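Student: A single structure is presented below for examination.
Computed from the coordinates by the stated procedures, all read-outs in this text should not be read as laboratory data. Because the structure is predicted, anything quoted here is derived from the model rather than measured. We place every Cβ from the backbone using ideal geometry, glycine too, and count neighbours over all the protein chains shown.
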């Protein structure tokens with residue numbers, strides 16, 4: 001890594017330290033969840049406690065996902081076990097990318113980073129990781145009274161036609177013969193960054209813009225990480241319950257029920273495609289979500305298809 | 001083509017699974033060759049129901065030279081699996097060989113266990129070509 005880049009990625013005081021996160025979980029998140037989940041909240045939060053076990057913050061990174069991969073590689077080569085639940089954040093990302101070749105604007109003011117998980121989930125739970133990220137973003141935004149926020153399948157957090165938060169997931173196997181599976185869950189939330197490049201102006205918004213005030217970024221980060229901890233815990237906890245026959249694998253996962261609640265897409269006319277902007281495939285009405293998170297799309301002929309990947313764009317009057 | 005129709009069931013209540021009609025599908029030359037190939041090639045199967053794409057490096061080699069000139073080895077990252085907005089590299093774990101057949105389309109979901117590619121060891125390519133030529137010759141002779 002060049003010296004200038006090394007300087008750039010120098011650690012900086014964390015937006016939310018593990019101790020602050022722990023206090024937030026204990027004082028706010030647990031009582032809030034217990035009201036809904038009862039005693040089960042405790043088990044869920046124990047499972048999710050790995051999230052934020054280590055939190056590193058940097059002034060600037062080219063791309064958090066790439067940095068996390070480099071870090072894992074370095075750890076593995078040094079025979080150091082990567083710490084599952086590590087969160088890496090940066091004030092700004094200079095080379096942020098969305099899916100495919102899309103650019104992602106990540107200047108100071110937003111919450112940009114990645115959660116590193118060493119995979120111990122079964123495939124049925126692991127597939128829901130991107131949904132857990134979207135629910136986390138949506139729930140955190142709700143804390144600021146933004147009731148208009150919805151999720152556009154799979155996990156874009158939208159305010160009307162504008163995107164407020166986006167999430168990426170990338171899985172891979174360690175390259176150094178460890179055989180360890182990793183999940184990198186990237187997050188990008190427009191918090192106080194209100195200026196967007198021209199091509200994004202009609203498609204992006206920020207939380208600060210929506211509430212008409214500056215948001216305390218450290219507090220937002222702690223709230224976001226606390227919700228992330230719970231939702232990741234929910235994946236493990238539900239898997240445990242299914243294995244012990246305390247929950248039915250064929251009924252909806254709690255995260256899917258939450259996605260239905262947060263959905264801004266069910267009943268709307270959409271365009272679908274794997275890369276919907278470059279290669280749209282067809283138009284349909286989003287009819288619902290399957291119990292495994294698949295999107296049910298009803299064609300004009302009445303036929304229903306279920307898509308397990310890809311993305312949608314709204315076609316009705318509200319755009320987006 | 002319809003080869004048998006159970007007309008006696010017309011207007012009657014039938015249980016689920018009860019045969020109503022038998023349809024015969026005469027195989028075409030291409031389908032016969034494909035079925036034989038599936039028994040000869042090493043079939044690399046989809047690990048999960050998802051959409052699959054060739055890894056960038058493999059795709060560019062296919063674009064330049066054609067799939068049957070691309071040799072893959074165990075441990076090579078050959079595909080990307082895309083499921084619920086999560087991309088996962090897929091590593092080849094079969095015998096070294098050339099990508100002889102491609103069974104997936106990039107934008108269409110593939111069920112778990114379905115073949116994605118058929119791989120043939122380089123030294124067996126002439127043998128496979130011989131089989132294909134023979135099937136074609138026998139087919140043409142019977143037409």
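Student: Please determine, in degrees from 0 to 90 and to the nearest 10, the orientation of helix B:56-65 with respect to the longest principal axis defined by the Cα atoms of chain B, where the helix direction is its Cα long axis.
Tutor: It is inclined by approximately 80 degrees.
Student: Taking each residue in B:86-93, count the Cβ atoms of any other chain within 10 Å of its Cβ, then average. What number comes out?
Tutor: That works out to 5 on average.
Student: Is there a simple number for the mean count of other chain Cβ atoms within 10 Å of the Cβ of residues in B:72-85, and what is it?
Tutor: 4
Student: Please identify, among A:157, A:211, A:141, the residue showing maximal mean-square fluctuation in a Gaussian network model of chain A using a 10 angstrom Cα cutoff.
Tutor: The residue that fluctuates most here is A:211.
Student: Taking the highest mean first, how do the peptides A:89-100, B:127-138, B:18-29 order by number of other beta carbon atoms within 10 angstrom per residue?
Tutor: In descending order of packing, they fall as A:89-100, B:127-138, B:18-29.
Student: Using a ≥ b ≥ c from the Cα gyration tensor of region A:133-257 (square roots of the eigenvalues), is it rounded, prolate or oblate, where a/c under 1.5 gives rounded and otherwise the larger of a/b and b/c decides, a/b for prolate?
Tutor: prolate
Student: Rounded to the nearest 0.05, what FRET efficiency is calculated for residue B:40 and residue A:261 with R0 set to 56 Å and r the Cβ-Cβ distance?
Tutor: E(calc), rounded to 0.05, equals 0.60.
Student: So how far, in whole Å, is the C-alpha centre of region B:11-26 from the one of region B:48-114?
Tutor: Result: 38 Å between the Cα centres.
Student: Take the Cβ-Cβ distance between residue A:161 and residue B:73 as r, set R0 to 56 Å, and report the resulting FRET efficiency rounded to the nearest 0.05.
Tutor: It comes out at approximately 0.75.
Student: OK, next. Average partner chain C-beta neighbours within 10 Å, per residue of A:126-134?
Tutor: 3
Student: While we're on this one: If packing is taken as the mean number of other Cβ atoms within 10 Å per residue, what is the order of B:56-65, A:267-276, highest first?
Tutor: The peptides rank, most packed first, as A:267-276, B:56-65.
Student: Report the full-extension gain for the segment residue A:276 to residue A:54: residue separation times 0.36 nm, less the Cα-Cα distance, to one decimal in nm.
Tutor: Length gained between residue A:276 and residue A:54: 76.3 nm.
Student: Also: Along the Cα→Cβ direction, 7 angstrom out, place labels at residue A:17 and residue B:14. What is the inter-label distance in nm?
Tutor: Each label point is offset 7 Å from its Cα along the Cβ direction, giving 7.4 nm.
Student: Which FRET efficiency value, to the nearest 0.05, do you get for residue B:127 and residue B:107 by plugging their Cβ-Cβ distance into 1/(1 + (r/R0)^6) with R0 = 30 Å?
Tutor: E between residue B:127 and residue B:107, to the nearest 0.05, is 0.35.
Student: Still on this structure: On a 0 to 90° scale, report how tilted helix B:29-40 is relative to the longest principal axis of chain B, with both axes built from alpha carbons and the result rounded to the nearest 10.
Tutor: Compared with the principal axis, the helix lies near 60 degrees.
Student: What do you get for the angle between helix B:125-142 and the principal long axis of chain B? Use alpha-carbon atoms, 0 to 90 degrees, nearest ten.
Tutor: Value to nearest ten degrees: 30.
Student: Once you order the gyration tensor axes a ≥ b ≥ c over the Cα atoms, which shape class does region A:209-275 get: rounded for a/c under 1.5, otherwise prolate or oblate by comparing a/b with b/c?
Tutor: Because a/c hits 1.5 or more and a/b fails to exceed b/c, region A:209-275 counts as oblate.
Student: With the cut-off at 1.5 for a/c, could you classify chain B from its C-alpha gyration tensor as rounded, prolate or oblate?
Tutor: The shape class here is oblate.
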